[in-house]
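Step one of this worksheet: look at the structure below.
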Amino acid sequence: MADSKDKIYSAPLDKMIDFRFDERVVSVFPDMIQRSVPGYATLIQNIGTMASRHVQPGSNCYDLGCSLGAVSLSLRHAIQQHDCRIVAVDNSSAMIDKASQVLAEDDGQLLVDLRCADINSVAIEQASVVVMNFTLQFIPPAQRQQLIQRIYDGLLPGGILILSEKLAFEDPRSDQFHIDSHHDFKRANGYSDLEISQKRSALEKVLIPETLAQHQSRLQQAGFSFVEKWYQCFNFVSMVAMK
Ligand code: GEK
């Protein structure tokens, strides 16, 4: 399966089907995420850098919703503690199949334990770094507090959660400003108005964004004493929370 250009929503669709991380998406995923998420490469690089400061000897690092393993590769090359293990989890078998090829071609030393599983069923243990880079938004809102709590409970003191999400804004003018800006970003990256609107409809029931305040209060409720937004471009943010 060669990496290729994302044209999934380029032709008019008779019937809109909810977005799924299937073989078709996997075959264009690097192009899709690069052209859809502002600052994706910056996020990936800095997640590795941040992890290298906070990783603890003999601990586990988790990449939850790993897709093709971009975060795992960044962690693998940034972390100097060679007695650590990366656990990379995704519930799309198409993603995991391709991720295992990507990892096999990589020369990093750190062990990556790649698992095809629902992150709700994966034990989080002895963790110093947990990353959810644009994954929580795909988890049903009613399950989010419990997942964040399990992550908090599985982190070692001083451990961090890096959480990147697409945001919603309470103020309708702010919301519209960021949506329009994001759509301009996609247009500048070659997506047509039809592609933008069809992808938006396909994601409507699948990707449920929340406000920054909702994320912050959930993290605080779970017990995180330090919660900081370290990145934002339009409606895309990344937060770091420390136990
Ligand atoms: C990256 N982090 O390249 N359990 C496991 N995986 C899930 C679940 C679940 N319940 N729900 C969704 N996923 C990556 C990008 S993409 C974000 C993450 C995006 C997986 C899903 O299969 C997909 O691979 C990933 O979460 C979200 O940095 O495409 O916008």
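Data overview
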| quantity | calculated |
| --- | --- |
| Filter result (within 16 Å of the ligand (Cβ to nearest atom), in contact with an Asp or Glu (Cβ under 9 Å, 6 or more places away or on another chain) and more than 24 Å from MET50 (Cβ to Cβ)) within segment 149-180 | ALA168 |
| Complete set of residues in segment 156-182 that are within 22 Å of the chain's Cα centre (by Cα) and of a type in the set (Ser, Thr, Tyr) | SER164, SER181 |
| Identity of the residue in segment 35-67, polar (S, T, N, Q) and in contact (Cβ under 8 Å) with a residue 60 or more places away in the chain, that ends up surrounded by the fewest Cβ atoms within 10 Å (Cβ to Cβ) | THR42 |
| Residue within segment 222-233 that is closer than 28 Å to CYS61 by Cβ, modelled with pLDDT under 95 and small (Gly, Ala, Ser) present | yes |
| Test: ASP6 is at pLDDT below 85, buried (at least 17 other Cβ atoms within 10 Å of the Cβ), within 13 Å of the ligand (Cβ to nearest atom) and of a type outside the set (Val, Ile, Thr) | yes |
| Count - residues of segment 207-231 that are within 14 Å of the chain's Cα centre (by Cα) and free of Cβ contacts under 8 Å to residues at least 40 places away in the same chain | 0 |
| Close pairs from segment 90-111: first over 20 Å from LEU136 (Cα atoms) and not assigned by TED's automatic domain parsing to the domain that holds SER74, partner more than 9 Å from the ligand (Cβ to nearest atom) and assigned to a helix (DSSP H, G or I), Cβ under 6 Å, at least 6 apart | none |
| Any chance GLN81 is modelled with pLDDT under 95 and either surrounded by fewer than 19 Cβ atoms within 10 Å (Cβ to Cβ) or within 11 Å of the ligand (Cβ to nearest atom) (or both) | yes |
| All positions within segment 24-48 that are farther than 29 Å from ILE79 by Cβ and away from the ligand (no atom under 12 Å from the Cβ) | ARG24, SER27 |
| Per-region count, segment 90-148, residues within 11 Å of the ligand (Cβ to nearest atom), surrounded by 15 or more Cβ atoms within 10 Å (Cβ to Cβ) and among the small types (Gly, Ala, Ser) | 3 |
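Results for (1) within 20 Å of TYR9 (Cα to Cα); (2) outside the structural domain of GLN137 (by TED's automatic domain parsing); (3) out of contact with any strand residue (DSSP E or B) (no Cβ under 6 Å at 6 or more places or on another chain); (4) part of a helix (DSSP H, G or I), shown as yes or no for each residue.
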site	(1), (2), (3), (4)
SER164	no, no, no, no
PHE177	no, yes, yes, yes
HIS182	yes, yes, yes, yes
PHE185	yes, yes, yes, yes
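The values are calculated or read from the model by the stated rules, or taken from the named source; none is laboratory data. None of the values given here were measured: they were computed from a predicted structure. Ideal geometry is used to build each Cβ from the backbone, glycine not excepted, and the neighbour counts take in all protein chains shown.
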